[in-house]
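Report on the structure given below.
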Amino acid sequence: MSKIYFVFGIHKLWRKEISEFVERQGAESIHDPCAGSGYVNQLIFESLDKNLGAKFYLSDLMTDESPEFAKQINSLGYQDLKFAEESIDLLKIEASKQMPKMFVNSFHHFNNEQVKEILKNTLGQGKEILVLEYCRKTPDSLVSMLFGGVLSLLFFPFVVEKKFIIPSFIFTYLIPIIPFMLVWDGIVSCLRTHTISSLKQILVELNLTNVLIEKKTRRSLLYPSGVDSYFFKIENRK
Ligand SMILES: C[S@@+](CC[C@H](N)C(=O)[O-])C[C@H]1O[C@@H](n2cnc3c(N)ncnc32)[C@H](O)[C@@H]1O
């Protein structure tokens with residue numbers, strides 16, 4: 001899935017919003033607590049203007065089970081892109097260790113109660129949040145997820161790693177489980193995305209009345225349904 005970002009340049013659609021977020025956080029490192037393989041973060045990092053001085057710290061709950069992802073990112077040798085080599089549960093991070101956060105296609109994994117906890121722990125500590133999602137709960141986005149399966153059939157030879165070529169070929173063309181899973185994952189992800197009104201309601205419940213949500217949608221010819229960003233901005237921040 002991540003390789004599709006590279007082929008379609010989806011990550012570049014977020015570049016403006018990420019740059020603005022990075023600039024506003026000043027010298028602080030930005031934490032992506034659900035980095036997965038870290039590959040999308042790598043693409044984002046490499047596509048940003050170097051003069052911005054962006055510093056990213058990645059972690060994930062599953063790192064103990066798949067340590068190769070963190071090792072691969074750290075082996076790139078970038079001073080300003082580091083991946084924690086142990087599992088970190090976002091929902092258990094202490095208040096004193098909270099950092100500005102960026103979520104890449106992961107915020108929809110959390111239910112309303114968990115989102116409430118995340119917003120309370122991060123915004124409540126004066127740290128801002130940027131949520132990036134490649135889909136949303138709208139007909140155009142749902143239709144574009146259906147194309148995920150077709151794309152996997154068309155682009156399979158360009159995106160698969162050599163060592164996985166035989167099983168990937170079997171499960172893409174002969175027994176098409178991979179296209180089916182891509183479509184299923186895309187549709188479930190769309191349906192799980194949070195709406196601005198539900199997020200605003202959570203902010204009200206938390207009495208975080210000084211937080212604004214700036215939402216942007218960016219589209220391209222290759223990705224017409226577009227990507228979203230939600231910037232949780234703290235007004236009158238010291
Ligand atoms: C859909 S993946 C997104 C991965 C990556 N950001 C990307 O775009 O490829 C969601 C990630 O969230 C992680 N995750 C889920 N719950 C978590 C938690 N409580 N703390 C930290 N990571 C969590 C999962 O392990 C998974 O890697």
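Across the stretch 80-106, which residue is surrounded by the most Cβ atoms within 10 Å (Cβ to Cβ) among those that are closer than 19 Å to Leu43 by Cα and more than 8 Å from the ligand (Cβ to nearest atom)? Step through it out loud before you land on a result.
Residues of the stretch 80-106 closer than 19 Å to Leu43 by Cα: 80-84, 101-106.
Now drop any that are not more than 8 Å from the ligand (Cβ to nearest atom), which leaves 80-84, 101-102.
Details: Asp80: 15, Leu81: 21, Lys82: 18, Phe83: 25, Ala84: 16, Lys101: 25, Met102: 29.
Result: Met102.
The set of residues in the stretch 122-134 being within 9 Å of the chain's Cα centre (by Cα) and in a loop (DSSP other than H, G, I, E, B) consists of Tyr134 alone. The number of residues in the stretch 9-61 that are among the aromatic types (Phe, Trp, Tyr) and either more than 14 Å from the ligand (Cβ to nearest atom) or in contact with a Pro (Cβ under 8 Å, 6 or more places away or on another chain) (or both) comes to 1.
Every listed requirement among (1) assigned to a loop (DSSP other than H, G, I, E, B); (2) in contact with a Leu (Cβ under 7 Å, 6 or more places away or on another chain); (3) within 16 Å of the ligand (Cβ to nearest atom) is met by Lys137 save one, (3). The set of residues in the stretch 14-43 that are in contact with a Phe, Trp or Tyr (Cβ under 7 Å, 6 or more places away or on another chain) and part of a helix (DSSP H, G or I) comprises Glu17, Phe21, Val40, Asn41, Leu43. Please indicate, with yes or no, whether at least one residue in the stretch 179-199 is of a type outside the set (Val, Ile, Thr), within 25 Å of Gln98 (Cα to Cα) and surrounded by 17 or more Cβ atoms within 10 Å (Cβ to Cβ). Scanning the stretch 179-199 turns up at least one residue that is of a type outside the set (Val, Ile, Thr), within 25 Å of Gln98 (Cα to Cα) and surrounded by 17 or more Cβ atoms within 10 Å (Cβ to Cβ). Of the candidates Leu146, Leu154, the single residue that is without any contact (Cβ under 8 Å) to a residue 12 or more places away in the chain, surrounded by fewer than 16 Cβ atoms within 10 Å (Cβ to Cβ) and not assigned by TED's automatic domain parsing to the domain that holds Val7 is Leu154.
The values are calculated or read from the model by the stated rules, or taken from the named source; none is laboratory data. Remember, predicted model here, so these are calculated numbers, not experimental data. With ideal geometry, Cβ positions are generated from the backbone for all residues, glycine too; neighbour counts draw on all protein chains shown.
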